[in-house]
Amino acid sequence: MAALIHARRFRHTLDLIDQLPKTSRLKVAIVNDDELFEDIPLPEEGELEDTGPDLAEWDMTVEMLASVYDALNTLIAVTIQVNSEKKRPFPKPLPRPQTAIDRARERRRKAAQEEILSIFAPGR
């Protein structure tokens, strides 16, 4: 890293830093640096698009833990539904990483919905 910085290859250095896992000591230090975020305009709540967790950090163990978490939440919700007169909504599953294929499928699905809506509700 020092050689890259000394050679003034800042872009390459930043690209390498971006590839570090979120739990690396450097990234933890960056996100906990109060002075760094003082002058940076931050987006308002709800402006950020939820793209799910980082695919680079999503391995089989995390997938299995997320599946167990979702199954346990569903089991708790079913138990409450059966033993209560109040109907509660089922919990949403944990977000999974999204790939370019997932985003393309979502865009196509939304485009198909818009096309159907324009047929049945023109000028809405």
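List of remarks:
- The C-alpha atoms of the chain define a longest principal axis, and helix 60-83 lies at about 30 degrees to it.
- Answer label for Cα extents along the principal axes in Å (calculated), chosen among (i) 40, 39, 29; (ii) 65, 46, 32; (iii) 56, 30, 17: (ii)
- Helical content alone sets the calculated 222 nm signal of the chain at -17000 deg cm²/dmol, taking -39,500 (n - 2.57) per DSSP H segment of four or more residues and averaging over every residue.
- With θ taken as phi - 60° and the Karplus curve 6.51 cos²θ - 1.76 cosθ + 1.60 applied, the whole-hertz 3J(HN,Hα) list for the range 94-108 is 4, x, 9, x, 10, 10, 4, 5, 4, 5, 5, 4, 5, 4, 5 Hz, x standing for glycine and proline.
- Extension gain, Leu94 back to Val28 (0.36 nm per residue minus Cα-Cα distance, nm): 21.5 nm
- The label point for Ala7 and the one for Val82, both projected 7 Å from the Cα toward the Cβ, are 6.4 nm apart.
- Between Lys27, Lys92, Lys110, the Gaussian network model of the chain with springs among Cα atoms under 10 angstrom shows the greatest mean-square fluctuation at Lys110.
Every number here is computed from the coordinates shown, using simple stated rules; none is lab data. Quantities reported herein were computed from a predicted structural model and do not represent experimental measurements. FYI the Cβ positions are ideal-geometry reconstructions off the backbone, even for glycines, and counts take in every protein chain you see.
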